[in-house]
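The values are calculated or read from the model by the stated rules, or taken from the named source; none is laboratory data. Quick caveat, the model's predicted, so the values are computed rather than measured. Glycine also receives a Cβ, built like all others from the backbone with ideal geometry; neighbour counts cover every protein chain displayed. Remember, those area values only see protein heavy atoms, side chains included, never the ligands or the DNA or RNA. Shrake-Rupley method; radii C 1.70, N 1.55, O 1.52, S 1.80 Å.
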Amino acid sequence: MKLRLTAEQEAVVGRARAFASSRLRPRVAEFDEAGVPREIVLALGREGLLGALVPADLGGSPLDAVTWGLVTEEIGKVCCNTRYLLTVHASIVAGTLARWGSRAQKAAWLPALASGEVVGAFALSEPETGSDAANVRTRYDASEGGFRIEGRKRWTTFGAMADVFLVLARRGDEATAFLVERDRPNVHVKPIRDILAGRGSHLAEIHFDGVDIPKENIVGSLGAGFRYVCSTALDIGRYSVAWAAVGVAQGALEAMSTYAGRREQFGQRLHEFQLVKAMIADAVTDVHAARALCMHAGLLRDKRDPDAMIESSIAKQFAARVATRVTADALQVHGAYGLLHGGVAEMLFREARALSIIEGSTQIQQLVIGVHGAKAYGEGTHET
Amino acid sequence: MVTVESIRTFIRENMVSNHRNAVLGDDDDIFKLGFVSSMTALKLVNFVETECGVTVDNDDLDVSTFSTVNRIVAFIERKLGTTLAR
């Protein structure tokens, strides 16, 4: 699918491409080791690339879903660690707050999130709770003037850098979302290192060891945490990660094709061998198909179509698998060079693997899509 | 224009599983009955906003607001200041 972008959309995507090329590509390996620095967060904010889901009157630079997706692809193609910032900070936290935050919360946080002066992270997963997100073990109870939060979160992307966390906690059967500022007493942050993917994305474990917050920090309302707030965050995240996967796959396709055009064996360039052509052909087809699904989901999101959420799941599931396949082939084409730590093929291969796990694993997406498919395409299933 | 029947139809068509013989009363809690998932809950909010032209705000997210057909109808009627066709 070749979607004709408007000049305005092209300009934004072009800006993201130029930023990735000039500010990210030369330092990708450095960021993978040391983490994406604050200066890059602020630079993205100055480019208007962190305020896509923030209203203009609150300092945002709103983008339609397709343009935002293409921006995510351009950044993700070059630097997955920086792309995590777009997914978690600019999409999940800013987008969810823009949707369900109180007027005061929006005024207090959204301008700073859009500029990058404040970094936000989504503290959902826990040591014992991943896919079963509704059953987090982090607890809250009433305290004087508000609530006290007790629990541990893990795999919090950009958690080690974040100034504010969007946290899901439970009290009995009730789940509620809260904003928790990092500088509150008894918030402890422990960076997670030596991980396969997202090594530079400031992953952290966050301990809330009896953190008191005012009731004004509730996002949405009491009890709406999982059903509405968290679901919104996960929906936004799924869409973002779908595009991230397209970016990784596109990056791998370009690396594979470039290398195959340069490397010679048996007196021929690699791309002249039929079996290499087959890998490139499959990659082209896969990437185009994944991007088409993402664009379709984006167009539905902009129209607020009821199927936008399920189409985002479909796009995420497919694109993540495509990223895994294409990066594996790219690494194969690179031969031993593909195994070198810090090389493009190796980095994309590692990053692709994470995309089938985060924001709803492939298997969770399959369960959701399976239920949808059985209803949507099964004969007579709507009878009651 | 949305009607009470179109709300019933939406919920029926978006139930989690294929409750072929399920009977949904207007006061039945669709969450407690397991008829809708969190994804469906958001879809329901989207439906109410796009089909009825009302905005669901953060303080409208009371657990019970969208839990039954009658409560959804009451919410829409309160927001619109009018009565939906039965």
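Numbers at a glance
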| quantity | calculated |
| --- | --- |
| Entirely in region A:160-204, the strands (runs of 3 or more DSSP E) that have 3 or more residues that are touching a residue at least 40 places away in the same chain (Cβ under 8 Å) | A:164-171, A:174-181 |
| Selection count where residues are farther than 25 Å from A:E73 by Cα, in contact with a Gly (Cβ under 9 Å, 6 or more places away or on another chain) and either aliphatic (A, V, I, L, M) or away from chain B (no Cβ under 14 Å) (or both), scope region A:221-264 | 2 |
| Residue ID - nearest to B:T55 (Cα to Cα), chosen from residues in region B:1-30 that are outside any helix (DSSP H, G or I), open to solvent by less than 40 Å² (accessible area, probe 1.4 Å) and at pLDDT below 85 | B:V2 |
| Conditions (1) open to solvent by 40 Å² or more (accessible area, probe 1.4 Å); (2) free of Cβ contacts under 8 Å to residues at least 60 places away in the same chain; (3) closer than 20 Å to A:A177 by Cβ; (4) more than 14 Å from every other protein chain (Cβ to nearest Cβ); number of the one not met by A:L53 | (2) |
| Of all residues in region A:303-337 being without any contact (Cβ under 8 Å) to a residue 40 or more places away in the chain and touching a Lys or Arg at 6+ places or on another chain (Cβ under 6 Å), the one that is farthest from A:C80 (Cα to Cα) | A:P306 |
| Of residues in region A:149-167 being over 18 Å from the mean Cα position of the chain (by Cα) and of a type outside the set (G, A, S), the one nearest to A:T96 (Cα to Cα) | A:D163 |
| Count - residues of region A:108-135 that are in a loop (DSSP other than H, G, I, E, B) and either modelled with pLDDT under 95 or open to solvent by 30 Å² or more (accessible area, probe 1.4 Å) (or both) | 8 |
| Enumeration of residues in region B:41-55 that are more than 9 Å from chain A (Cβ to nearest Cβ) and either open to solvent by less than 20 Å² (accessible area, probe 1.4 Å) or touching a residue at least 40 places away in the same chain (Cβ under 8 Å) (or both) | B:L44, B:V48, B:E51, B:C52, B:V54 |
| Count - residues of region A:66-103 that are within 14 Å of another protein chain (Cβ to nearest Cβ) and either closer than 17 Å to A:R17 by Cα or touching a helix residue (DSSP H, G or I) at 6+ places or on another chain (Cβ under 7 Å) (or both) | 8 |
| Residue in region A:136-146 that is out of contact with any Gly (no Cβ under 8 Å at 6 or more places or on another chain), open to solvent by less than 20 Å² (accessible area, probe 1.4 Å) and aromatic (F, W, Y) present | yes |
| Members of region B:61-86 that are part of a helix (DSSP H, G or I), touching a residue at least 12 places away in the same chain (Cβ under 8 Å) and open to solvent by 40 Å² or more (accessible area, probe 1.4 Å) | B:N70, B:K79, B:L80 |
| A:L300, sole failed condition from (1) within 14 Å of another protein chain (Cβ to nearest Cβ); (2) part of a helix (DSSP H, G or I); (3) touching a Lys or Arg at 6+ places or on another chain (Cβ under 9 Å) | (3) |
| Qualifying residue in region A:222-229 (condition: in a strand (DSSP E or B) and either crowded, with 24+ Cβ neighbours inside 10 Å or outside the structural domain of A:D132 (by TED's automatic domain parsing) (or both)) | no |
| Region A:335-350, subset under 21 Å from A:A320 (Cα atoms) and of a type in the set (G, A, S), residue surrounded by the most Cβ atoms within 10 Å (Cβ to Cβ) | A:A345 |
| Residue match in region A:228-241 (condition: over 25 Å from A:T138 (Cα atoms) and among the hydrophobic types (A, V, I, L, M, F, W, C)) | yes |
| Residues of region A:237-261 satisfying the condition of being surrounded by fewer than 18 Cβ atoms within 10 Å (Cβ to Cβ) and in contact with a Lys or Arg (Cβ under 7 Å, 6 or more places away or on another chain) | A:G261 |
| Evaluation of A:V93 against (1) surrounded by fewer than 24 Cβ atoms within 10 Å (Cβ to Cβ); (2) more than 21 Å from A:R350 (Cα to Cα); (3) among the aliphatic types (A, V, I, L, M) (one fails), failing number | (1) |
| Selection from region B:34-49 of residues that are over 19 Å from A:S312 (Cα atoms) and at pLDDT 85 or above | B:V48, B:E49 |
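Residue by residue, here is whether (1) within 14 Å of chain B (Cβ to nearest Cβ); (2) farther than 19 Å from A:G198 by Cα; (3) in contact with a strand residue (DSSP E or B) (Cβ under 8 Å, 6 or more places away or on another chain); (4) surrounded by 15 or more Cβ atoms within 10 Å (Cβ to Cβ) holds:
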residue: A:V322; (1), (2), (3), (4): no, no, no, yes
residue: A:D329; (1), (2), (3), (4): no, yes, no, yes
residue: A:S361; (1), (2), (3), (4): no, no, no, yes
residue: A:V371; (1), (2), (3), (4): yes, yes, no, yes
